[in-house]
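**Student:** Pasting a structure here, questions to come.
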Amino acid sequence: MKSIQDASSTQSPANAFHLRCGRHLLDLSFPRVMGILNVTPDSFSDGGQHVALDDALRHAERMLAEGAAIIDVGGESTRPGAEPVSSQQELDRVAPVVEALVRELDALVSVDTSCPEVIREAGELGAGMINDVRALEREGALLAAVGSGLPVCLMHRQGEPQNMQQAPAYQRPIEEEVADYLVRRIAECEASGLRRNRIIIDPGFGFGKTVEHNLRLLKYMETLQALELPVLVGMSRKSMIGKVLGRPIEERLAGGLALTAMAVERGANILRVHDVGDTVDAVNMAWAVLQEGCEPSLNKESNV
Ligand code: 8Y7
């Protein structure tokens with residue numbers, strides 16, 4: 001990552017590593033943690049638990065206290081085989097939560113959506129980031145994102161959630177295909193007016209990839225450094241851990257922390273996880289090694 005600086009935020013001293021996210025300025029001079037807040041009744045690991053607004057707020061508050069810099073709110077399950085939801089349904093689930101997180105906690109909220117209506121509304125409600133597993137490929141999503149003024153995470157995937165795990169296959173080394181896709185997609189987004197300093201990239205672990213694909217993608221994740229953009233990764237509790245270790249979802253934390261440390265070494269800037277407190281420790285420890293020194297305040301009590 002070279003410079004992700006927006007001309008509108010030149011007042012910051014370390015501005016080469018700051019990302020403008022609505023009214024928040026996200027410091028990416030060290031790796032940050034994004035806490036997952038699912039508001040879908042069918043999300044695969046904590047489905048149904050945070051449907052109520054109060055529960056969602058309390059859960060987010062705890063993640064922020066544990067050091068999350070961003071809360072990622074999602075209203076559509078992208079779990080393999082999940083049923084699609086209407087944009088109105090998604091909006092009904094997500095909007096009250098985003099609004100409350102912004103108003104009550106002043107949180108930097110990311111909205112996990114592919115839907116243009118939800119993207120548009122996210123900006124209005126005070127969200128600071130769009131996280132789209134479909135990289136703004138849905139009709140109207142790119143223009144909605146441009147209009148929102150928010151940074152966007154563009155993720156690689158192969159296929160759609162309904163069928164993506166059926167027979168994932170790549171002709172060339174996966175890290176090259178993923179990087180090539182992202183380069184192409186970034187160019188398309190830039191051509192439509194999405195400025196490069198608003199783009200975050202994500203290799204999309206588990207989205208149309210076998211376990212071996214996922215392991216190789218992490219091993220060679222440094223390939224993405226060539227794009228000189230912030231890198232977000234999501235591996236928390238995913239089946240790549242389950243398959244290697246033979247663990248059910250609730251026993252994948254240790255495996256996930258190992259992956260987190262490796263991702264930090266390979267340049268990950270944002271780690272999207274369920275277990276914020278433990279991940280913050282893993283991130284800060286790995287970062288201390290890379291820096292050959294400790295800055296104990298990193299990622300602690302940090303709401304950006
Ligand atoms: C990812 C994601 C999911 C990911 C980004 C899960 C919404 C499945 N995974 N977004 N979303 N990256 N950017 O296991 O890897 O959380 S959903």
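**Student:** Can you name the residue in the range 220-270 that is of a type in the set (K, R) and in contact (Cβ under 8 Å) with a residue 12 or more places away in the chain and, of all such residues, is farthest from S77 (Cα to Cα)?
**Tutor:** Per the stated criteria, the residue is R266.
**Student:** For the range 87-117, name all the residues that are away from the ligand (no atom under 16 Å from the Cβ) and surrounded by 24 or more Cβ atoms within 10 Å (Cβ to Cβ).
**Tutor:** L101, A107
**Student:** All but one of (1) part of a loop (DSSP other than H, G, I, E, B); (2) in contact (Cβ under 8 Å) with a residue 40 or more places away in the chain; (3) more than 13 Å from the ligand (Cβ to nearest atom); (4) surrounded by fewer than 19 Cβ atoms within 10 Å (Cβ to Cβ) hold for A167; which doesn't?
**Tutor:** A167 satisfies all of (1) part of a loop (DSSP other than H, G, I, E, B); (2) in contact (Cβ under 8 Å) with a residue 40 or more places away in the chain; (3) more than 13 Å from the ligand (Cβ to nearest atom); (4) surrounded by fewer than 19 Cβ atoms within 10 Å (Cβ to Cβ) except (2).
**Student:** Next question. Limited to the range 75-117, what total is found for residues that are part of a loop (DSSP other than H, G, I, E, B), touching a helix residue (DSSP H, G or I) at 6+ places or on another chain (Cβ under 7 Å) and closer than 30 Å to Q166 by Cβ?
**Tutor:** Qualifying residue count for the region: 5.
**Student:** Run down G204, G208 and say which single residue is in a loop (DSSP other than H, G, I, E, B), more than 10 Å from the ligand (Cβ to nearest atom) and at positive phi.
**Tutor:** Among G204, G208, only G208 is in a loop (DSSP other than H, G, I, E, B), more than 10 Å from the ligand (Cβ to nearest atom) and at positive phi.
**Student:** A further question follows. Checking the conditions here, which among Q158, Q162 is surrounded by fewer than 19 Cβ atoms within 10 Å (Cβ to Cβ) and more than 10 Å from the ligand (Cβ to nearest atom)?
**Tutor:** Q162
**Student:** Then there's this: Of everything in the range 13-26 that's farther than 14 Å from N197 by Cα and surrounded by fewer than 17 Cβ atoms within 10 Å (Cβ to Cβ), which residue is modelled with the highest pLDDT?
**Tutor:** Within the range 13-26, the match that is modelled with the highest pLDDT is R23.
**Student:** Checking the condition in a helix (DSSP H, G or I), within 16 Å of the ligand (Cβ to nearest atom), farther than 18 Å from M235 by Cα and among the basic types (K, R), which residue from R185, R120, R138 passes?
**Tutor:** Only one candidate qualifies: R185.
**Student:** Being under 20 Å from the mean Cα position of the chain (by Cα), over 23 Å from M221 (Cα atoms), at pLDDT 95 or above and buried (at least 16 other Cβ atoms within 10 Å of the Cβ) is the requirement here; does V146 meet it?
**Tutor:** Criteria met by V146.
**Student:** Another one. Please determine, by comparing only the residues of the range 221-231 that are surrounded by 17 or more Cβ atoms within 10 Å (Cβ to Cβ) and part of a loop (DSSP other than H, G, I, E, B), which one is farthest from the ligand (Cβ to nearest atom).
**Tutor:** L229
**Student:** Can you tell me how many residues in the range 243-288 are surrounded by fewer than 20 Cβ atoms within 10 Å (Cβ to Cβ), in contact with a helix residue (DSSP H, G or I) (Cβ under 8 Å, 6 or more places away or on another chain) and part of a loop (DSSP other than H, G, I, E, B)?
**Tutor:** Adding up the residues that qualify gives 4.
**Student:** Of the residues that make up the range 70-86, is at least one away from the ligand (no atom under 16 Å from the Cβ), surrounded by fewer than 19 Cβ atoms within 10 Å (Cβ to Cβ) and at pLDDT 90 or above?
**Tutor:** Yes; the residues of the range 70-86 include at least one that is away from the ligand (no atom under 16 Å from the Cβ), surrounded by fewer than 19 Cβ atoms within 10 Å (Cβ to Cβ) and at pLDDT 90 or above.
**Student:** Has the range 202-209 got at least one residue that is of a type outside the set (S, T, N, Q), at pLDDT 95 or above and over 18 Å from the mean Cα position of the chain (by Cα)?
**Tutor:** no
The values are calculated or read from the model by the stated rules, or taken from the named source; none is laboratory data. Being a predicted model, the structure only gives us computed values, none of them experimental. Here the Cβ is made from the backbone with ideal geometry for all residues, glycine too, and neighbour counts use every protein chain on show.
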